[in-house]
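The values are calculated or read from the model by the stated rules, or taken from the named source; none is laboratory data. A quick note: this is a predicted structure, and the numbers were derived from the prediction, not measured. Cβ: placed from backbone, ideal geometry, glycine included. Neighbour counts: every protein chain shown. Accessible surface areas use protein heavy atoms only, side chains included; no ligands, DNA or RNA. Shrake-Rupley method; radii C 1.70, N 1.55, O 1.52, S 1.80 Å.
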Amino acid sequence: MLKIAFDPIYAHPLPEGHRFPMLKYELIPGQLIREGLISEDNLFSPTAVPDDVILLTHDANYWHQLRDLILPPKEQRRIGFPLTEQLIERERRIAQGTINGCYFARQYGVAFNVAGGTHHAGTNWGEGFCMLNDQAIAANYLLDKGLCKSILIIDLDVHQGNGTAQIFENEPRVFTFSMHGDKNFPFRKERSDLDIPLEDGIKDDAYLSLLKDTLPGLISKHNPDFIFYLSGVDVLSSDKLGKLSLSKEACKERDRFVLSICKNNGIPVQVSMGGGYSPQIKDIVEAHCNTYRVAMELYF
């Protein structure tokens, strides 16, 4: 069964006119249920991740200021969300959903989090709508519990996974791979183990060729026993923040390639959804739902 982390708290209320498309988090599972692709049984509501697990990844002072809502105003502006108790509870549940998804992925091959992909959060900072780095927290949890020896993080969001790169810069057991817009946010990049910067306007064939020429070699060389996949859909040509020119079909083919290579190599994969900022929310939801459709087709 495809297990999917979701809770209504994911669709957090924001000030009117805020550019973050929070509504997508309730529309994605709703669409999948309407299609009959999943049922309520596929969804699970995570609890809040404990402090000690967060502190495997994030600096104690940063986390305590975030948790207690006393982060300096400048740091709050860098995140882009007004801090509230409900927002912090949301972040904790998202992170735990990714951890739980790792166990389901080990059981079924693949598992999803409707939210997550908060890859701009570093050890002691948050930015770009990211506060707790869910996949980094889950990766450190797996290592701490002795459940994995070699982890690959595949970040195909249009923005570099700068927080993830910084967190694991001195961790040889985690290989970070980010394929992202070169001239896009964050404008001060960190160094992933492998970065592939993309020129503005790159189209389907060139993008997919780069990915297909790169990923099999990473799998062969590093032989990961677990993979995290950040499947942002802000690579679409319709995305107002993305600057790339991919079609929905290419985005779906990207997901098919990544998930196929995980399945064919017998490597469990946890998928977090990442960004998507197309003006029409239906385009965001459709592209995200394609990732689930591909997973159901390949695995179930």
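Starting from the Cα gyration tensor of the stretch 165-236, take the square roots of the eigenvalues, sort them a ≥ b ≥ c, and report rounded, prolate or oblate (rounded when a/c is under 1.5, otherwise prolate if a/b is larger than b/c, else oblate). Mind showing how you got there, number by number?
Values: a/c = 2.13, a/b = 1.27, b/c = 1.67.
It is oblate, given that a/c is not under 1.5 and a/b is not larger than b/c.
If you average the alpha carbon positions of the stretch 167-227 and of the stretch 123-162, how far apart do those two centres end up, in angstrom?
14 Å
Cross-link list 145/212; 74/282; 74/189; 149/248; 183/203; 212/252: which exceed 23 angstrom alpha carbon to alpha carbon? All intermediate terms of the calculation are to be shown ahead of the outcome.
Working: 145/212 32 Å; 74/282 33 Å; 74/189 20 Å; 149/248 35 Å; 183/203 16 Å; 212/252 14 Å.
Listed pairs above 23 Å: 145/212; 74/282; 149/248.
What distance in nm separates the two pseudo spin-label positions at residue 199 and residue 257, each 7 Å out from Cα along the beta-carbon direction?
1.8 nm
Looking at the chain as a GNM with Cα springs under 10 Å, which of 158, 49, 233 has the largest mean-square fluctuation?
49
Over the stretch 193-300, what is the mean sequence separation of C-alpha contacts under 8 Å (at least six apart), divided by residue count, expressed as relative contact order in percent?
On the way: 128 pairs, mean separation 34.2, N = 108.
Rounded, it is 32 percent for the stretch 193-300.
Principal axis extents for the chain, Cα atoms only, whole Å, descending order, please.
So the three principal-axis extents are 46, 42, 42 Å.
Pull up all non-local amide H partners of residue 123: gap of 5 or more, or a different chain, and H-to-H distance under 5 Å with H placed in the peptide plane.
The list, which skips near neighbours in sequence, is 167.
In debye to the nearest 20, how big a dipole does the chain give about its Cα centre with +1 on each Lys and Arg Cβ and -1 on each Asp and Glu Cβ? Don't jump to the answer; show the numbers that get you there.
Details: 31 positive and 39 negative charges, 42 e Å.
For this selection, approximately 200 debye.
With a 10 Å cut-off between alpha carbons and a GNM built on the chain, which of 224, 46, 72 moves the most?
Comparing 224, 46, 72 in a Gaussian network model of the chain, the most mobile one is 72.
So what is the relative contact order for the stretch 113-215, in percent, with contacts set as C-alpha pairs under 8 Å and at least six apart?
Working: 161 pairs, mean separation 21.8, N = 103.
Normalised by residue count, the contact order of the stretch 113-215 is 21 percent.
Describe numerically, in nm with one decimal, the distance between label points set 7 Å from Cα along Cα→Cβ at residue 129 and at residue 173.
3.2 nm
Pull out a ≥ b ≥ c, the square roots of the eigenvalues of the alpha-carbon gyration tensor of the stretch 26-146, then state rounded if a/c is under 1.5, prolate if not and a/b is larger than b/c, and oblate in the remaining case.
Since a/c reaches 1.5 but b/c is at least a/b, the shape of the stretch 26-146 is classed as oblate.
Take the chain, connect every pair of alpha-carbon atoms lying under 10 Å apart with a spring to form a Gaussian network, then pick out the residue of 145, 183, 24 with the largest mean-square fluctuation.
145
Rounded, prolate or oblate: which fits the stretch 153-274, taking a ≥ b ≥ c as square roots of the Cα gyration tensor eigenvalues, rounded meaning a/c under 1.5, else prolate when a/b beats b/c?
Oblate.
Ignoring ligands, DNA and RNA, what accessible area per residue does the stretch 1-127 give at 1.4 Å, in Å²?
On the way: 5420 Å² over 127 residues.
Per residue, the stretch 1-127 has an accessible area of 43 Å².
Taking the DSSP beta bridges in the chain as the whole, what percent of them are antiparallel, to the nearest 5? Before the final figure, lay out the partial values.
Values: 2 of 31 bridges.
The antiparallel proportion sits near 5 percent.
Quick check: the distance between the Cα centres of the stretch 31-67 and the stretch 255-281, to the nearest angstrom?
The stretch 31-67 and the stretch 255-281 have Cα centres separated by 18 Å.
Note down the magnitude of the dipole of the stretch 52-192 about its Cα centre, charges +1 on Lys and Arg C-beta and -1 on Asp and Glu C-beta and zero elsewhere, to the nearest 20 debye.
Working: 15 positive and 16 negative charges, 36 e Å.
With Lys and Arg at +1 and Asp and Glu at -1, about 180 debye.
With every protein chain kept in place and ligands, DNA and RNA left out, what is the accessible area per residue of the stretch 213-272? Probe 1.4 Å, answer in Å².
Values: 2140 Å² over 60 residues.
Accessible surface, normalised per residue, equals 36 Å².
Add +1 for every Lys or Arg and -1 for every Asp or Glu among the other residues with Cβ under 10 Å from the Cβ of residue 192, and state the total. Before the final figure, lay out the partial values.
On the way: positive: 189, 191; negative: 155, 169, 190, 193, 195.
Once positives and negatives cancel, what remains is -3.
Quick one: compute the contact order of the stretch 62-139, relative version, from alpha carbon pairs under 8 angstrom and 6+ residues apart, as a percent.
Numbers: 97 pairs, mean separation 25.8, N = 78.
RCO, the stretch 62-139: 33 percent.
Run the helix sum for the chain: -39,500 (n - 2.57) per DSSP H stretch of 4+ residues, divided by residue count, reported at 222 nm to the nearest 500 deg cm²/dmol. Can you show the working numbers first?
Values: 10 runs with 127 residues, N = 300.
About -13500 deg cm²/dmol.
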